[in-house]
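Presented below is the structure to which this report refers.
Where a number appears in this text, it was derived from the coordinates with a stated rule and is not lab data. Quick caveat: nothing in here was measured; it's all calculated off a predicted structure. Glycine also receives a Cβ, built like all others from the backbone with ideal geometry; neighbour counts cover every protein chain displayed.
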């Protein structure tokens, strides 16, 4: 099988070179590359123009349509593609200044991107070959085709590609891990920096948080904050918040506690800590942090939200109602009260219902302008209680 580089240039880079591609192909399961004619490493500028309905983002070096994958490192919107008619895979270059100060950090991640994309396109080749050979037994629609490719991509990336990268590029990977630990303040392995590629199949197999809030975005933001010269505590808190959004509550709490050791009493950190404690179901601890904070800062919405959630989850409905009432007062005093107003009304309606105040609960639900599943469920409960 031929592996070739069709485009070269001072800013055009293939972090996974021909040797990497050949070795990964060799290590893939027997038979999956049968019939594959070639892998072509190209800039792919024309492909981006043909397949992407956008003209607003172009890299500053060669002008190809794309996005800034990491600070200073640009990818195409399309990373690779499989051409079934020619049985050919195209992998598209990354564009960057070779002298960029963070190149040693993001280049191993770009190499992983490229080889993971290779695995995805090989899966398309194998799937197409099997369907053709077996009377088109697989994949009646786009989503099923992509689901198969993404599932194989995930398995081959973790079982074949990462071990290969650690074997050949171990020192570079350890440098990435050291950089993350030094700047994020928490040790994360190279494997923990990898997003699950199974985007189209997350229902039932993936948490929505890991689809919407990705680790590569967290790393990108950390790099941007470091380059911008932000204070260490600030970019560490930003990274902790990104982990929070991914439902990685334990790691985020560890980071927040470390920052609090340096900045005790910081309201921004304390409210984040209270929120994380609620997610971890450590409700008594959450209340011990959030309630004094809410009293000291009467308009601090997130502190009152933590009080309301922790109280509700422990069945302290009078306290939950009082916190929801305060949240409603804050929302109604603001210029744009929605959706905080609706959330507070829902919280208070539930607290009132649990205390037997059906009229108060129904009055709150009637004030919510947009119906929701939670509101509908509470109304069903109310209706079931009517004589």
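Given the options 171, 113, 20, which has the most mean-square fluctuation in a GNM of the chain, springs set between C-alpha atoms less than 10 angstrom apart?
Ranking 171, 113, 20 by mean-square fluctuation puts 171 first.
Can you tell me the Rg and Dmax of the chain, counting just the alpha carbons, in angstroms?
When restricted to Cα atoms, the chain yields Rg and Dmax of 25.8, 79 Å.
Against the longest alpha carbon principal axis of the chain, how many degrees, from 0 to 90 and to the nearest 10, is the axis of helix 170-184 turned?
Tilt of helix 170-184: around 20 degrees.
How do 377, 230 rank when sorted from fewest to most other Cβ atoms within 10 Å of their own Cβ?
With the sparsest Cβ surroundings first, the list reads 377, 230.
On C-alpha positions alone, give me the angle between the axis of helix 267-279 and the longest principal axis of the chain, in degrees, nearest 10.
80 degrees
Ranked from highest to lowest mean number of other Cβ atoms within 10 Å per residue, what is the order of the peptides 304-310, 183-189, 80-86, 65-71? Mind dumping the intermediate values first?
Numbers: 304-310: 26.6, 183-189: 17.1, 80-86: 15.0, 65-71: 20.1.
Averaged packing, sorted descending, gives the order 304-310, 65-71, 183-189, 80-86.
Treating each Cα of region 315-387 as an identical point scatterer and ignoring solvent, apply the Debye formula and state log10 I(q)/I(0) at q = 0.13, 0.17, 0.25, 0.27 Å⁻¹.
Ignoring solvent entirely, the Cα scatterers give -0.34, -0.57, -1.13, -1.25.
With a cut-off of 8 Å between alpha carbons and a minimum separation of six or more residues, what is the relative contact order of the chain in percent?
This gives 9 percent for the chain.
Could you tell me the calculated FRET efficiency between residue 295 and residue 258, based on Cβ-Cβ distance and R0 = 30 angstrom, to the nearest 0.05?
Given R0 = 30 Å and the Cβ-Cβ separation, E is 0.70.
Take each of the peptides 35-41, 104-110, average the number of other beta-carbon atoms within 10 Å over its residues, and list them starting from the highest.
Highest to lowest by the protection proxy: 104-110, 35-41.
To make sure I understand, if each residue's beta carbon is the centre and we count other beta carbons within 10 Å, what order do 334, 116 fall in, fewest to most?
334, 116
Using the 10 angstrom Cβ neighbour count as an exposure proxy, how do 239, 11 rank, fewest first?
The order, fewest Cβ neighbours first, is 11, 239.
Kindly express, to the nearest 10 degrees and within the range 0 to 90, the angle between helix 103-133's C-alpha long axis and the longest C-alpha principal axis of the chain.
70 degrees
Tell me, what is the percent relative contact order of region 315-387, built from C-alpha pairs under 8 Å that lie six or more residues apart?
Numbers: 65 pairs, mean separation 19.6, N = 73.
About 27 percent, as a whole number.
If you take every DSSP beta bridge whose two residues both sit in the chain, what share of them, in percent to the nearest 5, is antiparallel?
Once the DSSP bridges in the chain are tallied, antiparallel ones form about 55 percent.
With label points built 7 Å along Cα→Cβ from the Cα atoms of residue 376 and residue 171, find their separation and express it in nm.
Simple spin-label model gives 6.1 nm for this pair.
Could you tell me the center-to-center distance, by alpha carbons, between region 61-101 and region 312-387 in angstrom?
Taking the Cα centre of each part, region 61-101 and region 312-387 sit 50 Å apart.
Could you work out the per residue convex hull volume over the alpha carbons of region 1-123, in cubic angstrom?
100 Å³
Taking the chain as a Gaussian network, where each spring joins two C-alpha atoms under 10 Å apart, which residue of 313, 152, 220 fluctuates the most?
In this elastic network of the chain, the residue with the biggest mean-square fluctuation among 313, 152, 220 is 313.
In a Debye calculation with equal point scatterers on the alpha-carbon sites of region 58-197 and no solvent, what is log10 I(q)/I(0) at q = 0.17 Å⁻¹?
-1.02
Report the full-extension gain for the segment residue 181 to residue 367: residue separation times 0.36 nm, less the Cα-Cα distance, to one decimal in nm.
Stretched out fully, the residue 181 to residue 367 stretch lengthens by 62.1 nm.
When the chain is fully extended, how far beyond the present Cα-Cα distance does residue 37 get from residue 158, taking 0.36 nm per residue of separation? Can you show the working numbers first?
Numbers: separation 121, 0.36 × 121 = 43.56 nm, distance 2.53 nm.
Net length gain for the segment: 41.0 nm.
What is the spin-label model distance, in nm, from residue 334 to residue 285 if the labels are put 7 Å beyond Cα along the C-beta direction?
Here the modelled spin labels are 2.8 nm apart.
In nm, give the distance between the simple-model label positions of residue 247 and residue 386, each being 7 Å from the Cα along the Cα-to-Cβ direction.
Reported label-point gap for residue 247 and residue 386 is 3.6 nm.
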